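These notes are about the structure you will find just below.
The values are calculated or read from the model by the stated rules, or taken from the named source; none is laboratory data. A quick note: this is a predicted structure, and the numbers were derived from the prediction, not measured. Please note: Cβ atoms are built from the backbone with ideal geometry, for glycine as well, and neighbour counts cover all protein chains shown. Note: areas computed on protein heavy atoms with side chains; ligands, DNA, RNA excluded. Shrake-Rupley method; radii C 1.70, N 1.55, O 1.52, S 1.80 Å.
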Amino acid sequence: MSKRLRHIVLIQFKETVSRKEFKYIEERAATLKEITGVNDLLFGENVSSEKLNKEYSHCLSMWFTDEEDRDKVYLPHPIHQKFVQLFVPFTENVLVFDFWE
């Protein structure tokens, strides 16, 4: 099997985010899968019983075939840029971690 580039975004949302705002953010996150090169988009809430999440409550993950799909297609894509502009103001912290699997 070929290697894939896993892209993980850990998110700590502000406490002031309403359920309605969160639902909208979640719906907009789903639009990222429309971008060519985005595979297996997942968005979920932390459910670990270990309590080691350092206040990161949600994760957005996907994988790419190569760095070009991530760097030249996904990152500058208007759908991604629009999502970043929408969701960053609702966050306290964001951690991005990419690795080859």
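Quick notes on this one:
- Test for Ile11: is it within 19 Å of Leu95 (Cβ to Cβ), in contact (Cβ under 8 Å) with a residue 60 or more places away in the chain and assigned to a helix (DSSP H, G or I): no
- The test for being in a strand (DSSP E or B) and of a type outside the set (Phe, Trp, Tyr) does not hold for Val47.
- Selection from the stretch 1-17 of residues that are under 19 Å from the mean Cα position of the chain (by Cα) and either open to solvent by 60 Å² or more (accessible area, probe 1.4 Å) or among the β-branched types (Val, Ile, Thr) (or both): Ile8, Val9, Ile11, Lys14, Glu15, Val17
- Lone qualifier among Glu34, Glu21, Glu55 - being acidic (Asp, Glu) and either within 29 Å of Lys72 (Cα to Cα) or in contact with a Cys (Cβ under 9 Å, 6 or more places away or on another chain) (or both): Glu34
- Total residues in the stretch 78-97, condition closer than 17 Å to Ile8 by Cα and open to solvent by less than 90 Å² (accessible area, probe 1.4 Å): 11
- Taking the criterion of being open to solvent by 40 Å² or more (accessible area, probe 1.4 Å) and either small (Gly, Ala, Ser) or assigned to a loop (DSSP other than H, G, I, E, B) (or both), the residues of the stretch 50-77 that qualify are Glu50, Lys51, Leu52, Asn53, Lys54, Glu55, Tyr56, Thr65, Asp66, Leu75, Pro76, His77.
- Taken over the stretch 18-42, the criterion of being surrounded by fewer than 17 Cβ atoms within 10 Å (Cβ to Cβ) and not in a helix (DSSP H, G or I) is satisfied by Ser18, Thr36, Asn39, Asp40, Leu42.
- The stretch 79-100 residues that are of a type in the set (Ser, Thr, Tyr), paired with ones that are surrounded by fewer than 13 Cβ atoms within 10 Å (Cβ to Cβ) (beta carbon under 8 Å, 6 or more apart): Thr91/Lys14
- Residues located in the stretch 40-56, provided they are under 15 Å from Gln12 (Cβ atoms) and small (Gly, Ala, Ser): Gly44, Ser48
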